[in-house]
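One structure is given below, encoded as structure tokens.
The values are calculated or read from the model by the stated rules, or taken from the named source; none is laboratory data. Just so we're clear, the structure is a prediction, and the values are computed from it rather than from any experiment. Glycine gets a Cβ as well: all are built from the backbone with ideal geometry, and neighbour counts include every protein chain shown. The protein model used for the area step is the full one, side chains on, heavy atoms only, and it has no ligands, DNA or RNA in it. Shrake-Rupley method; radii C 1.70, N 1.55, O 1.52, S 1.80 Å.
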Amino acid sequence: PQALRLYPNPTQGRLTAWAPAPGNYRLLDMQGRSLLQGPLQPGNNLLDLSALPPGTYFLEASSGAEADSYRII
């Protein structure tokens, strides 16, 4: 299966998530707290992270029974 593609990473607040299939995402901080969540459509999805302080986050993406985690800076 194709993986989610995230760019630019590191980001300045606006992150594009290219998804190969529909699914959902959840953005977590380093302590595992859920900060944002929503649907992912096939193709490009714009995620606005500009309200979050600079740092390292994790994006969990799921599609069907598959789930992956990605580090975002």
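In the set (1) at pLDDT below 95; (2) open to solvent by 50 Å² or more (accessible area, probe 1.4 Å); (3) under 17 Å from Y7 (Cβ atoms), F58 fails one condition alone, (1).
Report, by residue number, each residue of region 1-22 that is under 25 Å from G55 (Cα atoms) and not hydrophobic (A, V, I, L, M, F, W, C).
Looking only at region 1-22, we keep the residues that are under 25 Å from G55 (Cα atoms), and these are 3-19.
Scanning region 1-22 gives R5, Y7, P8, N9, P10, T11, Q12, G13, R14, T16.
What are the residue pairs meeting all of these: first residue in region 7-34, first residue of a type in the set (V, I, T), second residue open to solvent by 70 Å² or more (accessible area, probe 1.4 Å), Cβ atoms under 7 Å, and 6 or more apart or on different chains? Listed pairs, sorted by first residue: T16/Y7; T16/N44; T16/L46.
Quick one: which strands (runs of 3 or more DSSP E) lie wholly within region 7-46 and hold at least 2 residues that are touching a strand residue (DSSP E or B) at 6+ places or on another chain (Cβ under 6 Å) and of a type in the set (D, E, K, R)? Reasoning before the result, please.
Numbers: elements: 14-19, 23-28, 34-40.
Because the criterion is at least 2 residues that are touching a strand residue (DSSP E or B) at 6+ places or on another chain (Cβ under 6 Å) and of a type in the set (D, E, K, R), no strands (runs of 3 or more DSSP E) in region 7-46 meet it.
For A51, state whether it is open to solvent by 80 Å² or more (accessible area, probe 1.4 Å) and assigned to a loop (DSSP other than H, G, I, E, B). The answer is yes for A51. If the condition is being under 19 Å from Y7 (Cβ atoms) and surrounded by 15 or more Cβ atoms within 10 Å (Cβ to Cβ), then region 27-41 contributes L27, L36, L40.
Give N24, N44 a once-over and let me know the one that is among the polar types (S, T, N, Q) and open to solvent by less than 90 Å² (accessible area, probe 1.4 Å). Talk me through it step by step, then tell me what you get.
On the way: N44 fails: open to solvent by less than 90 Å² (accessible area, probe 1.4 Å).
Only one candidate qualifies: N24.
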